[in-house]
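Below is one structure, written out as structure tokens, with a few remarks after it.
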Amino acid sequence: MLNQAIQALGGQAYLNYQDMQQQGRTYLFYHGQPEGGGTQFWLFWKAPDKERIELTKKRNVIYIHSDDKGYEITYKGTRAEEEKDLKDYLQQREFSVANVLRHWTRDPAVALFYEGGTFAENKPAEQISLINGKNQGVTLLLDSQTHLPVRKSYILRDPETRERDDEAEVYANYHLVQGIQVPYDITRLHNGEMLRQRFLERVSYNNNLPDSLFNASVTYTAGEKPKHR
């Protein structure tokens, strides 16, 4: 079933793309209610672990992630990303559908469990869970007819409260782009409440993005007055 999902997403084109660009609009929610009118974004990703996202019409708020480091760039300069936000990003990257299907499924230490048929987003679906060598688990719900991912979820334990947090993403409105099926509507949920929605407008792959696009160095620290030349 996982192989069917990979083939449905584009097979070798999905497994082997080296970079990606996205453009769209993102909306944030608080306690399930929308905050503001949404923000334009431009996202650039390059294998294996480089990402840059530019926000607002002026594209003047930028977040860069490379390896296990994160940076925030604004008119003030460049500072290290907040530890909590960086941890959240790294967790999302580890449990992303692309990482699970492109890397977890190739790891012989990963255990696979078929958990039967169910319904996801009002569609018949097949439920599969994977547990890796670090005892991290993720559950995928695959459309029974198209085999495309409909929903992904995983459980994290809050380091302060020690309570379990259910993190999930829902995928819809797939479009074929350069041989790859891309969900243009992505909804992120936290303990069942909507946290963020992204609606894609443009996507492209293998654009030969330069490494310089993901370069960043700290020019000031939080709480410190930025130095201007």
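Throughout, read-outs are computed from the coordinates displayed, never taken from laboratory work. Note that this is a predicted model, so its numbers are computed, not measured. When we count neighbours, we look across all protein chains shown, and the Cβ atoms used for this are built from the backbone with ideal geometry, even at glycine.
Once the chain from Arg106 to Thr74 is taken as fully extended at 0.36 nm per residue, the excess over their C-alpha distance is 7.6 nm. If you plug the beta carbon distance of Arg157 and Asn208 into 1/(1 + (r/R0)^6) with R0 = 41 Å, you get a FRET efficiency near 0.50. From least to most packed, judged by other beta carbons within 10 angstrom and beginning with the fewest, Val218, Val203, Val100 follow the order Val218, Val203, Val100. Listed values for the range 115-126 are Karplus-derived 3J(HN,Hα) couplings in whole Hz (6.51 cos²θ - 1.76 cosθ + 1.60, θ = phi - 60°), namely 10, x, x, 7, 10, 9, 6, 6, 10, x, 9, 10, and x replaces Gly and Pro.
So if I place +1 on the C-beta of Lys and Arg and -1 on the C-beta of Asp and Glu, and nothing else carries charge, what would the dipole magnitude of the chain be about its Cα centre? I want it in debye, nearest 20. Present the calculation step by step, with values, prior to reporting the outcome.
On the way: 29 positive and 31 negative charges, 167 e Å.
That gives a dipole near 800 debye.
Modelled spin-label separation between Asn215 and Leu176, with each label point placed 7 Å from Cα along the Cα-to-Cβ direction: 4.0 nm.
Kirkwood Rh, Cα Rg: Rg to Rh for the range 2-214?
Computed over Cα atoms, the ratio is 0.94.
Translational diffusion coefficient of the range 95-192 (Stokes-Einstein, Kirkwood radius from Cα pairs, 20 °C, 1.002 mPa s): 149 µm²/s. Backbone geometry of the range 11-24 corresponds, through the Karplus equation with coefficients 6.51, -1.76 and 1.60 at θ = phi - 60°, to 3J(HN,Hα) couplings of x, 5, 4, 6, 6, 10, 5, 9, 7, 8, 10, 9, 9, x Hz, x marking Gly and Pro. Taking the range 158-195 and a reference point 7 angstrom along Cα→Cβ of Asn135, no backbone N atom is nearer than 12 Å. As a proxy for reagent exposure, Phe119, Phe44 were ordered by neighbouring Cβ count within 10 angstrom, fewest first; the result is Phe119, Phe44.
Using helices alone, what [θ] at 222 nm do you get for the chain, with -39,500 (n - 2.57) per DSSP H run of 4 or more residues, divided over all residues and rounded to the nearest 500? Intermediate values should be presented prior to the final figure.
On the way: 4 runs with 31 residues, N = 229.
About -3500 deg cm²/dmol.
Between the helical axis of 83-94 and the dominant principal axis of the chain, each derived from Cα atoms, what acute angle in degrees is found, rounded to the nearest 10? Its long axis makes an angle of about 30 degrees. Take every pair of alpha-carbon atoms less than 8 Å apart whose residues are at least six positions apart; their mean separation over the length of the range 2-214 yields a relative contact order of 22 percent. Among the lysines of the chain, pairs at least eight places apart or on separate chains and with Cα atoms under 14 Å apart come to 5.
A simple spin-label model places the labels of Ser96 and Thr118 2.4 nm from each other, with each point 7 Å out along Cα-to-Cβ.
Per-residue 3J(HN,Hα) values for the range 142-151, derived from phi via the Karplus relation 6.51 cos²θ - 1.76 cosθ + 1.60 with θ = phi - 60°, read 10, 4, 5, 8, 8, 6, 6, x, 9, 8 Hz in sequence order (x marks Gly and Pro).
Between Rg and the Kirkwood Rh of the range 85-148, both from Cα atoms, what is the Rg to Rh ratio?
1.01
The alpha carbons of the range 1-118 occupy a box of 48, 32, 27 Å along the principal axes, longest dimension given first. Along its first, second and third principal axes, ordered by size, the range 32-99 spans 32, 30, 22 Å in Cα coordinates. Each of Tyr75, Tyr174 has some number of other Cβ atoms within 10 Å of its Cβ, and from fewest to most they run Tyr75, Tyr174.
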